[in-house]
Amino acid sequence: MLETLQVNIPSWSDLGYWRPELTLLSTFLVALIGDLIVRGRRPWVPFTLALAGMLLALGFAVADLGEPAHTVMGSLIIVDGIASFFRILFLVAGLATVLFSWTSEEIMGVKREAKGEYYALLTLLTGGMCVMAEARDILMLFLSMELVGLTSYVLAGYMRTSLRSTEAAVKYVIFAAVSSGIMLYGLSLFYGLTGETTFVGIREALFANPPHPYALLVVVVLVLVGMGYKIAAVPFHHWAPDVYEGAPTPVTAIFSVGPKAAGFALMIRFFYTTLVAGPEAAGTSNLLRLVDWPLLIALLSAVTMTYGNLVALRQTNVKRMLAYSSIAHVGYILMGFLLLTSDGLQAILFYLLVYMLMNLGAFLFVVAINNHLRSEELTDYAGLGFRAPWLATMMFVFLISLTGLPPTAGFIGKFFLFKAVLAQEWYWLAILAGLNSVISLFYYMRVTKAMFFTEPAESDGAAAPLAIKPLEYVVLAALCIPTIGLGIWWGPVRDFADQAIARFNVGI
Amino acid sequence: MEVILFYFCGALMVIAGAMMVLSRNAVVAACWLIFAFINAAGIYATLSAPFLAVLQVLVYAGAIMVLFLFVVMMLQGPVLAGERRRLRPWLWPFLLLPPLAILLTVAGFLRRADNTSFPVAAPAGFGSAEQVAGLLLSRYLLAFELISIVLIVAIIGSLALGKVDRRQPWK
């Protein structure tokens with residue numbers, strides 16, 4: 001019966017809107033093949049290729065910022081304001097990580113062996129995250145999560161000679177399998193409720209024929225499990241501390257911002273499209289009342305930030321402490337989802353960008369110090385303020401920004417989040433978040449105290465200044481300057497987020 | 001008839017899945033998994049997706065599981081003998097969560113005011129090889145291509161992680 005079959009092969013013409021992703025995908029392949037051509041003897045070949053590919057992709061992404069929303073090759077992918085916003089975020093994070101991996105001795109080894117597949121996978125991870133921000137169909141949602149997931153497991157276990165790294169990879173795989181299984185169940189029930197796989201179709205079916213609240217509640221919770229795992233929200237966070245501690249630190253740096261932000265991008269597109277018809281129409285949707293969405297999110301957010309902060313208090317390993325602190329930050333960001341309004345969305349986007357800068361900075365500082373001290377223990381950070389004064393000062397800036405103190409970007413980010421919560425009159429959540437910020441001050445300042453107010457131990461060479469590489473200064477400064485700058489002059493980034501929201505497409 | 005078959009296969013699949021998780025011998029677990037896959041194929045068949053059912057048997061129950069068994073036997077899959085632990089008592093209430101969720105969902109589906117909007121009978125030709133191919137080459141072309149990238153990552157990942165290295169601490 002082949003003659004009766006109608007196959008409409010989608011046109012290739014709109015692939016042009018996917019230039020950054022295509023660049024990243026081809027960089028992935030070129031870096032792999034390039035490494036094979038030089039037989040792994042020239043580590044700079046895959047590094048340079050990955051760097052060039054990411055820069056080119058960033059150029060394309062910036063050039064495409066003003067384009068109207070477009071689907072690419074069918075209905076699975078959309079490139080709109082939100083996607084463009086996240087593309088830039090991911091590419092900046094990817095670039096910083098690639099540059100820092102080059103300086104990291106954990107990755108490159110003392111003998112600087114070839115790491116072709118490492119740089120190739122890093123490029124692909126960035127590309128996969130971009131696809132996550134663009135998925136507008138259940139199938140693509142799952143597929144992009146798997147792409148990012150698979151790449152992440154390999155990167156987490158990249159230090160094959162380290163037991164911790166291998167443990168991190170295995171834990172990551174097992175937790176991912178369980179949570180994506182639960183999420184798939186939820187997604188299949190979404191399909192069962194509506195008979196649609198595109199987010200827009202799901203919304204239209206749900207609005208036309210509202211399901212029973214029980215069914216919708218179960219389905220939404222199941223989907224939240226999968227996304228909560230990706231962003232490491234309590235109680236789906238168990239993998240995060242071990243993976244963050246075990247994985248090579250540059251990889252941890254991108255894990256703590258990249259896949260997390262990609263998970264938020266998915267959440268934004270999925271819930272802002274299916275439960276409400278976009279941020280402007282949040283007040284008119286009764287699906288939110290049906291599942292008691294604000295209470296659900298408020299509880300998730302409250303538990304996440306409190307747990308993250310309280311456990312971070314007791315950590316003695318800086319990397320692990322930052323892992324718990326990144327869980328706490330997920331709690332803050334979740335506050336923006338309370339009522340799926342455009343205020344909340346603006347706060348989420350602004351905070352994610354700021355969080356990317358400061359958290360990446362803090363983790364990259366750990367990489368730089370680890371290159372010299374081979375340690376991430378807080379006690380070994382004693383006296384770093386004198387041994388590497390510039391680096392320690394930049395770390396101090398990242399830490400006060402993570403706490404949310406003025407005049408840093410973290411303060412402005414938290415201000416927007418609190419404003420969004422207070423506008424919805426969820427006072428207890430705002431008060432709890434305020435208390436949590438005070439708690440976080442304690443453990444962030446413990447690092448500062450160790451660096452600036454503790455004398456280094458009087459063993460051989462433990463007080464000598466560290467020979468910091470120029471590249472480390474440049475990348476950290478490139479993250480540190482906007483961290484302060486955005487605290488004083490945040491207008492442009494807020495406008496950038498506003499433009500992304502204005503061009504957020506929930507309808508095609 | 002189809003309804004009876006559906007529930008029959010479904011029940012067997014749940015049992016097979018539980019037995020797979022509970023069995024202590026890796027080879028036995030793999031055999032239960034094959035059984036679960038075959039029942040999944042039965043479910044596909046009753047849901048008027050014959051092509052998927054055939055693929056499920058050929059690819060999963062056939063090729064992939066044979067590989068699985070080979071690997072398990074090559075590694076002389078461990079038999080978890082001594083390790084027996086009870087679930088901690090405070091975790092017992094959580095066992096009720098999945099059935100509760102299923103109950104709520106089913107109740108939600110059944111009590112819905114308007115159940116007519118969702119098509120019950122599949123249209124003619126649904127689930128045939130031609131239709132699957134047509135969808136893969138049109139609506140899901142991009143996803144189809146992306147899967148190839150996912151597979152490349154899986155291959156490269158297993159090569160990168162599986163290389164023998166004398167410095168590994170457990171060697």
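Only one of these is assigned to a loop (DSSP other than H, G, I, E, B) and modelled with pLDDT of 70 or more: B:Pro123, B:Pro119, B:Pro93, B:Pro99. Name it.
Of the residues listed, the single one that is assigned to a loop (DSSP other than H, G, I, E, B) and modelled with pLDDT of 70 or more is B:Pro123.
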Exercise for the section: Answer yes if at least one residue in region A:454-471 is among the polar types (S, T, N, Q) and modelled with pLDDT under 90, and no otherwise. Expected result: yes
Completion exercise
Checked region A:158-193 for anything farther than 18 Å from A:Ala233 by Cβ, part of a helix (DSSP H, G or I) and of a type in the set (Ser, Thr, Tyr); matches are A:Ser165, A:Thr166, A:Tyr185, A:Ser188, A:Tyr191
Exercise for the section: Give me the pairs, please: first residue somewhere in region A:1-16 and within 10 Å of chain B (Cβ to nearest Cβ), second residue anywhere and at pLDDT below 75, beta-carbon distance under 8 Å, and either six or more positions apart or on two chains. Expected result: A:Met1/B:Gly125
Practice task
Look through B:Val28, B:Val57, B:Val14, B:Val79 and report the one residue that is modelled with pLDDT of 85 or more, open to solvent by 70 Å² or more (accessible area, probe 1.4 Å) and either closer than 22 Å to B:Gly127 by Cα or of a type outside the set (Lys, Arg) (or both).
Solution key: B:Val14
Problem - helices (runs of 4 or more DSSP H) fully within region A:338-405 counting 1 or more residues that are more than 18 Å from the chain's Cα centre (by Cα) and of a type in the set (D, E, K, R) - result: A:342-373, A:384-387
Problem - Hits in region A:19-37 - residues which are without any contact (Cβ under 8 Å) to a residue 60 or more places away in the chain, more than 18 Å from A:Val148 (Cα to Cα) and in contact with a Phe, Trp or Tyr (Cβ under 9 Å, 6 or more places away or on another chain) - result: A:Arg19
Completion exercise
Exactly one of A:Leu155, A:Leu141, A:Leu150 is within 7 Å of chain B (Cβ to nearest Cβ) and either part of a helix (DSSP H, G or I) or among the aromatic types (Phe, Trp, Tyr) (or both), and that one is A:Leu150
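Residues checked against (1) at pLDDT 90 or above; (2) of a type in the set (D, E, K, R); (3) buried (at least 24 other Cβ atoms within 10 Å of the Cβ); (4) in contact with an Asp or Glu (Cβ under 6 Å, 6 or more places away or on another chain):
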position: A:Trp390; (1), (2), (3), (4): yes, no, no, no
position: A:Met394; (1), (2), (3), (4): yes, no, yes, no
position: A:Phe398; (1), (2), (3), (4): yes, no, yes, no
position: A:Leu402; (1), (2), (3), (4): yes, no, yes, no
position: A:Pro406; (1), (2), (3), (4): no, no, no, no
position: A:Gly413; (1), (2), (3), (4): yes, no, yes, no
position: A:Phe418; (1), (2), (3), (4): yes, no, no, no
position: A:Gln424; (1), (2), (3), (4): no, no, no, no
Problem - Verdict on A:Arg87 being of a type in the set (D, E, K, R), in a loop (DSSP other than H, G, I, E, B) and either touching a residue at least 12 places away in the same chain (Cβ under 8 Å) or touching a helix residue (DSSP H, G or I) at 6+ places or on another chain (Cβ under 9 Å) (or both) - result: no
Practice task
State whether one or more residues within region B:128-140 are in a loop (DSSP other than H, G, I, E, B) and either more than 7 Å from every other protein chain (Cβ to nearest Cβ) or at pLDDT below 70 (or both).
Solution key: yes
Problem - Selection within region A:151-187 - within 25 Å of A:Thr71 (Cβ to Cβ) and crowded, with 24+ Cβ neighbours inside 10 Å - result: A:Thr151
Practice task
May I ask you to verify whether B:Gly17 is farther than 28 Å from A:Leu216 by Cα and assigned to a helix (DSSP H, G or I)?
Solution key: no
Exercise for the section: Consider A:Ile484 carefully, then state whether it is under 24 Å from the mean Cα position of the chain (by Cα) and outside any loop (DSSP other than H, G, I, E, B). Expected result: yes
Problem - Where A:Asn286 falls short, out of the listed (1) more than 20 Å from A:Val447 (Cα to Cα); (2) in contact (Cβ under 8 Å) with a residue 60 or more places away in the chain; (3) open to solvent by less than 10 Å² (accessible area, probe 1.4 Å) - result: (3)
Problem - When residues of region A:116-138 are limited to those that are more than 9 Å from chain B (Cβ to nearest Cβ) and β-branched (Val, Ile, Thr), the one most open to solvent (accessible area, probe 1.4 Å) - result: A:Ile138
Fill in the blank from the handout: A careful count of residues in region A:67-81 that are more than 12 Å from chain B (Cβ to nearest Cβ), small (Gly, Ala, Ser) and buried (at least 19 other Cβ atoms within 10 Å of the Cβ) gives 1
Handout entry: Positions within region B:143-155 being buried (at least 17 other Cβ atoms within 10 Å of the Cβ) and either at pLDDT below 90 or within 17 Å of B:Leu52 (Cβ to Cβ) (or both), in sequence order
Key = B:Ala143
Practice task
State whether the residues of region A:428-449 include one that is open to solvent by 50 Å² or more (accessible area, probe 1.4 Å), among the β-branched types (Val, Ile, Thr), in a helix (DSSP H, G or I) and farther than 25 Å from A:Phe337 by Cβ.
Solution key: no
Practice task
Tell me, yes or no, whether region A:90-102 has at least one residue that is modelled with pLDDT of 85 or more, closer than 20 Å to B:Ile149 by Cβ and over 17 Å from the mean Cα position of the chain (by Cα).
Solution key: no
Completion exercise
B:Ala30 fails exactly one of (1) within 13 Å of the chain's Cα centre (by Cα); (2) more than 29 Å from B:Arg86 (Cα to Cα), namely (2)
Practice task
Could you tell me whether A:Ala463 is over 27 Å from A:Leu353 (Cβ atoms), more than 23 Å from the chain's Cα centre (by Cα) and open to solvent by 70 Å² or more (accessible area, probe 1.4 Å)?
Solution key: no
Completion exercise
Exactly one of A:Pro210, A:Pro235 is assigned to a loop (DSSP other than H, G, I, E, B), open to solvent by 10 Å² or more (accessible area, probe 1.4 Å) and within 10 Å of chain B (Cβ to nearest Cβ), and that one is A:Pro210
Exercise for the section: Would you be able to say whether some residue in region A:294-309 is surrounded by fewer than 19 Cβ atoms within 10 Å (Cβ to Cβ), in contact (Cβ under 8 Å) with a residue 60 or more places away in the chain and not in a helix (DSSP H, G or I)? Expected result: no
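The values are calculated or read from the model by the stated rules, or taken from the named source; none is laboratory data. As the structure is a computational prediction, the values presented were derived from the model and not from experiment. Note that each Cβ is placed from the backbone with ideal geometry, even for glycine, and that neighbours are counted across all protein chains shown. These area figures cover heavy atoms from the full protein model, side chains too; ligands, DNA and RNA do not enter into them. Shrake-Rupley method; radii C 1.70, N 1.55, O 1.52, S 1.80 Å.
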